[in-house]
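The values are calculated or read from the model by the stated rules, or taken from the named source; none is laboratory data. Just so we're clear, the structure is a prediction, and the values are computed from it rather than from any experiment. Cβ sites come from the backbone with ideal geometry, for glycine too, and all protein chains shown count toward neighbours. Keep in mind that these areas ignore ligands, DNA and RNA; they rest on the heavy atoms of the full protein, side chains included. Shrake-Rupley method; radii C 1.70, N 1.55, O 1.52, S 1.80 Å.
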Amino acid sequence: MRKTLPILLAIYALLTVGLQYLSNTGQKFPFYLFPLSTLLGFLIALLHAATRMKWTRALWLLASAFVISLTFESVGVLTGLIYGPYHYTDRLGYLFLGLVPLIIPVAWFMMMYPAFVIADWIVPVKANARSFWVAAIGAIVMTAWDVVMDPVMVKVGHWVWDVSGPYFGIPLQNFSGWWLTTFVAFIVFIWLGKPLLADRSDPQFDKMTIILFSITALGSILGALSGGLGGAALAGIFAVSPWMIFGWLKMTE
């Protein structure tokens with residue numbers, strides 16, 4: 001597993017950058033490559049989680065991330081109460097109950113897991129209320145990615161905001177909704193699994209989660225630049241960079 005993950009990461013990086021290049025140059029390519037890229041990132045996250053915290057806890061985190069994100073997104077589309085009023089198009093495939101594409105909770109886990117590991121390193125082992133702070137900071141790391149990802153996905157028509165928000169048409173409520181969704185998923189995971197214990201036995205192995213997070217974030221930043229969203233790209237760089245750098249430094253100490 002440990003020898004396979006770097007290979008999968010390299011393939012994921014090539015696929016992510018390659019898709020951006022093809023999109024930027026206007027070349028046609030099979031549409032299924034986009035969900036394939038997400039599924040590959042998801043597989044990397046799941047295999048790393050299973051190696052780091054064993055399959056039982058990894059599946060608890062997967063279940064929590066999948067169920068909470070799908071539930072919150074479905075309620076959000078129906079009511080507009082969590083993220084603001086929006087709806088998905090059919091560009092991301094089958095819609096669960098006609099509301100949310102099933103690839104969406106897969107993408108949530110793909111980025112929730114590295115955000116969790118980064119927070120697990122940032123929060124001191126002996127910190128008071130450590131579980132709360134890992135969940136809270138992990139949710140901030142996750143939301144930082146959405147700063148650049150959301151404008152890009154709206155630009156290419158994956159979902160539509162039914163209001164005109166102040167941030168590239170996106171309501172600021174969306175970001176508090178992202179934080180809440182991730183925070184609840186982490187708290188449920190910690191509650192269902194055994195008490196949260198810092199696992200820092202292999203920092204070099206854990207750096208793969210930062211690489212996964214960075215590749216995905218870079219893909220979104222490149223997508224923003226190619227789509228004429230330079231402001232979103234710049235905001236994304238400032239949003240995600242501190243967490244990637246801080247997490248990397250903590251794993252290097």
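Here the extension length gained between Val160 and Thr71 equals 30.2 nm, from 0.36 nm per residue of separation less the Cα-Cα distance.
Could you provide, to the nearest whole Å², the per residue accessible area of the chain with probe 1.4 Å? Before the final figure, lay out the partial values.
Details: 11370 Å² over 253 residues.
Dividing the accessible area of the chain by its residue count gives 45 Å².
Taking Ser37, Ser201, Ser64 in turn, the Gaussian network model of the chain (Cα-Cα springs below 10 Å) assigns the largest fluctuation to Ser201. Here the Karplus curve 6.51 cos²θ - 1.76 cosθ + 1.60, taken at θ = phi - 60°, turns the phi angles of segment 71-82 into couplings of 5, 4, 5, 5, 5, x, 5, 5, 10, x, 7, 8 Hz, with x standing for Gly and Pro.
Per residue, the chain reaches -25500 deg cm²/dmol at 222 nm when only DSSP H runs of four or more residues are counted, each adding -39500 (n - 2.57). For segment 1-150, the fraction of C-alpha pairs farther apart than 25 angstrom is 37 percent. Our summary of shape: the Cα atoms of the chain have principal axis extents of 46, 38, 32 Å, ordered from largest down, in whole angstrom. In a DSSP loop and with at most 16 other Cβ atoms within 10 Å, the chymotrypsin sites (Phe, Trp or Tyr not before Pro) in segment 49-114 are Tyr94. Put a dot 7 Å past the Cα of Tyr167, heading toward its Cβ, do the same for Leu192, and the two dots end up 2.8 nm apart. Computed over protein heavy atoms with a 1.4 Å probe, the carbon and sulfur contribution to the accessible area of the chain reaches 73%. Annotation for segment 127-142 versus segment 158-216: alpha-carbon center distance of 11 Å.
Under the rule that an exposed site lies in a DSSP loop and has at most 10 other Cβ atoms within 10 Å, name the longest stretch of the chain with no trypsin sites (Lys or Arg not before Pro) of that kind, not counting the sites themselves. Spell out each step's value before the answer.
Details: sites that count: Lys3, Lys28, Lys126.
No qualifying site falls inside 127-253, the longest such stretch.
Mind checking the angle between helix 173-192 and the chain's longest principal axis? C-alpha axes, 0 to 90 degrees, to the nearest 10. Roughly 30 degrees, rounded to the nearest 10. Listed values for segment 43-60 are Karplus-derived 3J(HN,Hα) couplings in whole Hz (6.51 cos²θ - 1.76 cosθ + 1.60, θ = phi - 60°), namely 4, 4, 4, 5, 5, 5, 4, 5, 6, 6, 10, 6, 4, 4, 5, 4, 6, 5, and x replaces Gly and Pro.
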